[in-house]
Amino acid sequence: MSVNYKPSVAHHRANIAMTQEIQKSPSLAPKSHVSKYIALIPAAGIGTRMASSLPKQYLMIAGKTVLQHTVAAFLANPTIFNTYVLVSESDEYVDTALECHEKLHVLRCGGASRQETVENGLRCIAQMQDLAYSDWILVHDAARPGLTSELIDKLILAIGSLHSKIFSRIS
């Protein structure tokens, strides 16, 4: 499975600026904080292009909705600190689609676009959680089936490798 993600120029510039700030002031680099991994699942789409009576995230695959499969992958991974599902205020399905779990939170902050939904979710999470510079937010669209706990582990391993390379240069 390949990942088709192309970060924006603004994203690259923000990462470079952050790394430069840490290099100027090593006190900004995390010391002994253990990184938290937080899942953010945008699920505010309505499936217009699919022309279905249900949004894609609520379609059934192998006896579960696509959203349930995605959420289950994050909840099954012990490294994930919390999982946030972002839906629109008018979402009629999420309350019956997801079961309660101490690490699962539904936020009704969906926007007009995926980008707006993610930005809204990041703002909400920042207000609700004590986040550190070394924490990571993992974003995975609800309507993308096939995610497993093992794939999440691979991503977290890659992040850890990147994280240690960045901060070993600073120390």
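The values are calculated or read from the model by the stated rules, or taken from the named source; none is laboratory data. Small disclaimer: the values here were computed from a predicted structure and weren't measured. Accessible surface areas use protein heavy atoms only, side chains included; no ligands, DNA or RNA. Shrake-Rupley method; radii C 1.70, N 1.55, O 1.52, S 1.80 Å.
Heavy-atom accessible area per residue, region 52-171, 1.4 Å probe: how many Å²?
Here the per-residue accessible area is 57 Å².
Would you rank His101, His140 by solvent-accessible area, highest first, keeping every protein chain in place and using a 1.4 Å probe?
Output order, biggest surface exposure first: His101, His140.
Tell me, what HN-Hα J-couplings in whole Hz come from the Karplus equation 6.51 cos²θ - 1.76 cosθ + 1.60 at θ = phi - 60° for each residue of region 40-47, using x for Gly and Pro?
10, 10, x, 9, 9, x, 10, x
For region 60-150, which whole-number percentage of the solvent-accessible area (1.4 Å probe, protein heavy atoms only) is attributable to carbon and sulfur atoms?
It is 52 percent, rounded to a whole number.
Show the residues, 5+ positions off or on another chain, whose built amide H is closer than 5 Å to the amide H of Leu40.
Tyr84, Leu138, Val139, His140
I'd like the accessible area for Asp153: 1.4 Å probe, protein heavy atoms, all chains in place, Å² to the nearest 10.
70
In what order, largest first, do Phe74, Phe81 sit by accessible area if the probe radius is 1.4 Å?
Phe81, Phe74
Using 0.36 nm per residue of separation minus the Cα-Cα distance, give me the extension gain between Ser149 and Ile46 in nm, one decimal.
34.5 nm
Can you pull the three principal axis extents for the Cα set of region 55-136, in Å, largest first?
Cα extents, longest axis first: 39, 32, 19 Å.
Can you tell me how much longer the chain between Glu89 and Ala126 gets when fully stretched, taken as 0.36 nm per residue apart minus their C-alpha distance, in nm with one decimal?
The Glu89-Ala126 span can extend by a further 11.4 nm.
Which ³J(HN,Hα) values in Hz, rounded to whole numbers, follow from the phi angles of region 88-103 under the Karplus curve 6.51 cos²θ - 1.76 cosθ + 1.60, where θ = phi - 60° and Gly and Pro get x?
Each residue of region 88-103 in turn: 6, 4, 9, 4, 9, 10, 4, 5, 9, 7, 10, 8, 5, 7, 4, 9 Hz.
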